[in-house]
1. Highest mean first, how do 94-100, 154-160 rank when packing is the count of other Cβ atoms within 10 Å averaged over residues?
2. Report the gain in length on full extension from ASP153 to GLN138: 0.36 nm times residue separation, minus Cα-Cα distance, nm rounded to one decimal.
3. Skipping prolines and chain starts, which residues have an amide H placed within reach, meaning under 5 Å, of the one on TYR130, given they are 5 or more residues away or on another chain?
Amino acid sequence: PDKVGLSASLTALAEQVESLPLLQFEPSKSNKTQTSETSNQDQLTIAQSAGQSRWQSMADRVWADLKSLVVIKHHEADMRVPLLAPEQRYYLQQNLRLQLETARLALLQSDKQLYSDSLKVARDWLQRFYNTQAQPVQVALENLRKASEVDIDPVLPLPKESLHQLQRISGNGRVRSTALSDLSLNNGTNP
């Protein structure tokens with residue numbers, strides 16, 4: 001594999017982390033509707049309390065005001081985006097960078113397990129915390145997918161196995177003696 005090119009790709013991706021758009025939480029329309037329905041019910045309760053005693057009416061208004069301070073919103077089950085404070089965004093970006101750098105170092109050291117684990121964590125974080133609808137994030141995810149498909153430490157055949165195959169195919173010792181003399185020249189010894 002082209003380890004230098006792959007390493008450069010991971011480095012470029014790590015440098016782009018700060019420019020990738022994070023997900024922004026926006027309440028759904030159904031949540032806004034529920035909130036307005038709740039406030040309408042509160043106003044109805046206050047209007048009904050107009051016929052009651054003054055103290056009871058005042059207590060009901062205070063209760064309605066207190067209830068308006070606390071709003072309970074029900075979110076969809078797939079709500080997966082925590083709101084991040086600015087310092088948390090910084091740490092998320094730095095941790096993502098570290099994962100990409102770890103993958104790059106694992107690539108250069110031919111550590112398959114660390115390489116694939118680091119790429120998986122980086123991909124998971126991109127999908128969880130970043131806006132996957134944005135084109136730069138889609139490109140980053142595609143680059144990580146391609147990088148994870150590369151076998152960074154392929155098993156290469158040994159020359160001995162190739163030599164035996166050549167001997168078997170040729171059927172004569174000439175190929176063997178030529179191959180052995182080439183090997184001995186490389187080692188600096190006589191056959």
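Throughout, read-outs are computed from the coordinates displayed, never taken from laboratory work. The structure presented is a predicted model; accordingly, all values stated were derived computationally and were not measured. Every residue, glycine as well, gets a Cβ built from its backbone with ideal geometry; the counts of neighbours run over all protein chains shown.
1. On the way: 94-100: 18.6, 154-160: 8.4.
Ranking the peptides 94-100, 154-160 by packing returns 94-100, 154-160.
2. Full extension from ASP153 to GLN138 adds 2.7 nm.
3. Counting only residues 5 or more places away or on other chains, the set is LEU23.
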